[in-house]
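Participant: Below you will find the structure I want to go over with you.
The values are calculated or read from the model by the stated rules, or taken from the named source; none is laboratory data. As the structure is a prediction and not an experimental result, all values here were calculated from the model. Because the Cβ atoms are built from the backbone with ideal geometry, glycine has one as well, and the counts that use them run over all protein chains shown.
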Amino acid sequence: MNTKLTGIVAAVLCGVLAIFLPRLWPFFAQVSPLILAIVIGVIISHTMPTSFRSTLEPGLNVAKGPVLRLAIVLYGFNISFQELSSVGFHGFFIAVVMVSAILAVGIWVGRKIFKLDTDQAILISIGSAICGAAAVAAAEPILKAKPHKVIIAVATVVIFGTLSMFLFPVLYGLLSVGEAKYGLWVGVSIHEVAQVVAAGDAVSSAAANTAVIEKMIRVLLLVPVLIGLSVWKSRTEVTESGQRNPIAIPWFALFFLVVIFINSTGLIPAAVVSVLSTTATYLLAIAMAS
């Protein structure tokens, strides 16, 4: 069998298992399929014979390269500009300030206080600021970070995102905030979309809707963040001849924005959008498993 095909099939099986495991076992119902995909990949990686890794590697590189980029593009079908506009300029401004602050403070604290290397600090900060595991995965091709750094970053945002998911509803009962303000708070603070939904819905469906829309604004900010990251990477790296590397524009991030625009036009039937959105989840799970 073609070596690329072997690795791709292995990644697909892991990704599909991660998608269906919560449906088969309710215990995993609140766990993101992306996280389950990583856990499954780690378990298999540490239990399979070392000699088999070289067979899988070519296919896994495809799954965490082109497949990942396609997944990020299709993820845009989860968002429309009409939904984003419902929280107004106030919601957009809050998201921009929060994302900027988390990136700045997170990278500084990661490097200066916790003595992390730059790539690790950036991955954790992007995951925390934008959309958890999906943002970490989107930044990985630009940074060319090692796999263990990606896993550490994902584990970090998952742990704190999960704690927030349970803690925020408790704090809502202790603080004098309305449902709308609580929804904004959840939307700009918690990492994974599933965690945002759970924390918002614990108070009310209205709070959950506001939280998800605010969360989607953060996801939209993934585009300028990735472009900025690419520019920074090109300026900090030099070639063997001493020249700066050219800016590698993350085209998949721009196509992600185009897909959001297309989805906002309403020209694509809802059933097709649902299929494409689901496909994005499957592809992200496959990429994270690889």
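Participant: Could you tell me whether any residue of the stretch 57-78 is of a type in the set (Gly, Ala, Ser) and under 25 Å from residue 166 (Cα atoms)? Steps first, please.
Facilitator: The first filter runs over the stretch 57-78 and keeps only residues of a type in the set (Gly, Ala, Ser), leaving 59, 63, 65, 71, 76.
From what is left, the residues that are under 25 Å from residue 166 (Cα atoms) are none.
No, the stretch 57-78 has no match at all.
Participant: Looking only at the stretch 137-188, count how many residues are among the small types (Gly, Ala, Ser) and over 16 Å from the mean Cα position of the chain (by Cα).
Facilitator: 6
Participant: Can I ask one more? Kindly provide the set of residues from the stretch 138-170 that are touching a residue at least 40 places away in the same chain (Cβ under 8 Å) and closer than 22 Å to residue 235 by Cα, ordered by number.
Facilitator: 138, 139, 140, 141, 142, 143
Participant: Tell me, yes or no, whether the stretch 177-192 has at least one residue that is modelled with pLDDT of 85 or more, hydrophobic (A, V, I, L, M, F, W, C) and under 21 Å from residue 288 (Cβ atoms).
Facilitator: Yes, some residue in the stretch 177-192 is modelled with pLDDT of 85 or more, hydrophobic (A, V, I, L, M, F, W, C) and under 21 Å from residue 288 (Cβ atoms).
Participant: Same structure again: Go through the stretch 182-206 and count every residue that is more than 20 Å from residue 127 (Cβ to Cβ) and touching a Leu at 6+ places or on another chain (Cβ under 9 Å).
Facilitator: Here the count works out to 1.
Participant: Then there is this: When only residues in the stretch 1-43 that are among the aromatic types (Phe, Trp, Tyr) and assigned to a helix (DSSP H, G or I) count, which is surrounded by the most Cβ atoms within 10 Å (Cβ to Cβ)?
Facilitator: Step one: filter the stretch 1-43 for residues among the aromatic types (Phe, Trp, Tyr), giving 20, 25, 27-28.
Of the ones still in play, those that are also assigned to a helix (DSSP H, G or I) are 20, 27-28.
Numbers: 20: 13, 27: 9, 28: 17.
So, considering only residues that are among the aromatic types (Phe, Trp, Tyr) and assigned to a helix (DSSP H, G or I), the one surrounded by the most Cβ atoms within 10 Å (Cβ to Cβ) is 28.
Participant: Consider residue 237 carefully, then state whether it is at pLDDT below 85, acidic (Asp, Glu) and not assigned by TED's automatic domain parsing to the domain that holds residue 20.
Facilitator: Working: at pLDDT below 85: yes; acidic (Asp, Glu): yes; not assigned by TED's automatic domain parsing to the domain that holds residue 20: yes.
Here the answer is yes, as residue 237 does meet what is asked.
Participant: Taking helices (runs of 4 or more DSSP H) that fall entirely within the stretch 149-225, which contain at least 2 residues that are under 20 Å from residue 100 (Cβ atoms)?
Facilitator: 179-189, 205-220
Participant: Return the residue satisfying two criteria in turn: it lies in the stretch 92-146 and is part of a helix (DSSP H, G or I) and among the charged types (D, E, K, R), and of such residues it is surrounded by the most Cβ atoms within 10 Å (Cβ to Cβ).
Facilitator: That would be 140.
Participant: Moving to a separate point now. Applying the selection to the stretch 223-232, what residues are in contact with a helix residue (DSSP H, G or I) (Cβ under 6 Å, 6 or more places away or on another chain) and either assigned by TED's automatic domain parsing to the domain that holds residue 72 or in contact (Cβ under 8 Å) with a residue 40 or more places away in the chain (or both)?
Facilitator: Those that are in contact with a helix residue (DSSP H, G or I) (Cβ under 6 Å, 6 or more places away or on another chain) and either assigned by TED's automatic domain parsing to the domain that holds residue 72 or in contact (Cβ under 8 Å) with a residue 40 or more places away in the chain (or both): 226, 229, 230.
Participant: Identify, from the list 67, 109, 99, the residue that is aliphatic (A, V, I, L, M) and touching a Lys or Arg at 6+ places or on another chain (Cβ under 9 Å).
Facilitator: On the way: 67 fails: touching a Lys or Arg at 6+ places or on another chain (Cβ under 9 Å); 109 fails: touching a Lys or Arg at 6+ places or on another chain (Cβ under 9 Å).
From the options 67, 109, 99, the qualifying one is 99.
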